[in-house]
1. Could you give me the residue pairs with C-beta distances under 8 Å whose first residue belongs to the range 66-89 and is of a type in the set (A, V, I, L, M) and modelled with pLDDT of 90 or more, whose second residue is surrounded by fewer than 18 Cβ atoms within 10 Å (Cβ to Cβ) and in a loop (DSSP other than H, G, I, E, B) wherever it lies, and which are 6+ apart or on separate chains?
2. Would you confirm whether or not the range 16-39 contains a residue that is hydroxyl-bearing (S, T, Y), touching a residue at least 40 places away in the same chain (Cβ under 8 Å) and not in a strand (DSSP E or B)?
3. Identify the single condition in (1) out of contact with any Ser or Thr (no Cβ under 7 Å at 6 or more places or on another chain); (2) within 14 Å of D28 (Cα to Cα); (3) in contact (Cβ under 8 Å) with a residue 24 or more places away in the chain that E94 does not satisfy, given that it satisfies every other one.
4. Being surrounded by fewer than 15 Cβ atoms within 10 Å (Cβ to Cβ) and touching a helix residue (DSSP H, G or I) at 6+ places or on another chain (Cβ under 9 Å) is the requirement here; does D84 meet it?
5. Go through the range 128-159 and count every residue that is part of a helix (DSSP H, G or I) and at pLDDT 75 or above.
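The values are calculated or read from the model by the stated rules, or taken from the named source; none is laboratory data. It should be emphasised that the depicted structure is a prediction, and the values quoted were computed from it without experimental measurement. Methodologically, a virtual Cβ is constructed for each residue, glycine included, from the backbone with ideal geometry; neighbour enumeration extends over all protein chains shown.
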Amino acid sequence: MKYSFVSRSPEDTLEFGSRLGRLLKPGDIVCLEGQLGAGKTVLTRGIARGLEIDSDVTSPTYTLINEYAGGVPLYHFDLYRLEDGEELFYIGGEDLLYGQGVSVIEWASRAEDLLPSDCLWIRFVTLDETESSRLIELTVSEKHSDLLERVGKGEDTSY
């Protein structure tokens, strides 16, 4: 199943991420794809806000994984610098992916073969020359099928 949302600004992306974050639960894995500067980290900041995490969320490009404490922890991965998806497991990623928090993975396709089939995939596509508008496309498995309707309506209830 797919759902599309047009973000016209970073604030739109942040708000969309916040709505999504309020609906995620421990064990959910969100996989992000899109060119550099597409809004992946902004969306992750919104997800953190939705999870009621007050930390300053930054891209883990050089550290590979940032962990944020909250009622539900957030594990923020950036696989851009990995040569091979299996490196994710060498750096301890497997323990976090299957831990008690929500995992958000930027450049997730680099480890797609190693990820479970029930991940929530989000792709960013730039829509205009100014690069201010983006199409955000969500592809979900059966596990998250009702999530699409709820995030589109802005519902805050858990699924």
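1. Hits for this filter: A69/S55; V72/K25; V72/P26; V72/Q100.
2. The answer is no, given that none of the residues of the range 16-39 is hydroxyl-bearing (S, T, Y), touching a residue at least 40 places away in the same chain (Cβ under 8 Å) and not in a strand (DSSP E or B).
3. So E94 meets the others, but not (3).
4. So D84 fits the description; yes.
5. Qualifying residue count, the range 128-159: 0.
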